[in-house]
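Below is one structure, written out as structure tokens; comments come after it.
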Amino acid sequence: VRRTVAGVVALAVVAVAAVLWTAPERWYPWDTADFPAADASLSPAQQRVLEVVEREYRDPRPATFYSEGVDEAWCADFVSHVMRQAGQPFTNPHSGGWRIPGVYTLTEYYQEQGRFAPIGDHSPAVGDVVLYESGGPVGDLLVGQHTNIVVAVDGDTVTTVGGNEMGGIRIHDLDWADDSAVLGFGLLGS
């Protein structure tokens, strides 16, 4: 019995190590960037998004706060909350509410608004929303659809903040041009 338990524990450790080894950096359980300093060249809309994202990053709330009490994957809920607080509210095409809880519907929303830019058609800017498609190194089991917000840009590298990343709000640097999971960007309105 002890050998069986030890074998199961060893297998679990190897599985977790394999997931972390093959997962994109945005899924690591630690932050990979510092929150950027404010840039005076940002538009008022970009400044508002950055202020809200920083406030939520520094003082995060429970996941159900962003999802109006619903226990669900909440990355799109987080983006919906930030945009609403920054004066860029969404209108859910299914419910009419401010919250769009699914990445697929969020992508459709941006497409219908004429504010979706596929990868390769746009260089991201602060306040844009990164939209990730299903799949990844370990399939939909770990890396399903996901979304987060651009808070800084440096060439092909962006710094993003997202909710529901390893159970919290995380900040990461992302080489968006080389990340095969990036579907495109939801563009910030004016």
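The values are calculated or read from the model by the stated rules, or taken from the named source; none is laboratory data. Not measured: the values here are computed from a predicted model. Quick reminder, even Gly has a Cβ in these numbers, built from the backbone with ideal geometry, and neighbours come from all protein chains shown. Ligands, DNA and RNA are stripped out before the accessible areas are found, and what is left, the full protein with its side chains, is counted by its heavy atoms. Shrake-Rupley method; radii C 1.70, N 1.55, O 1.52, S 1.80 Å.
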Inset, instruction - Determine, yes or no, whether E51 is open to solvent by 10 Å² or more (accessible area, probe 1.4 Å), within 17 Å of L131 (Cα to Cα), among the charged types (D, E, K, R) and within 17 Å of the chain's Cα centre (by Cα). - result: no
Inset, instruction - Would you check which residues across segment 125-151 are outside any strand (DSSP E or B), open to solvent by less than 30 Å² (accessible area, probe 1.4 Å) and at pLDDT below 95 and list them? - result: G135, G139, V143, G144
Inset, instruction - For segment 152-170, name all the residues that are buried (at least 23 other Cβ atoms within 10 Å of the Cβ) and either among the β-branched types (V, I, T) or assigned to a loop (DSSP other than H, G, I, E, B) (or both). - result: V158, T160, V161, I169
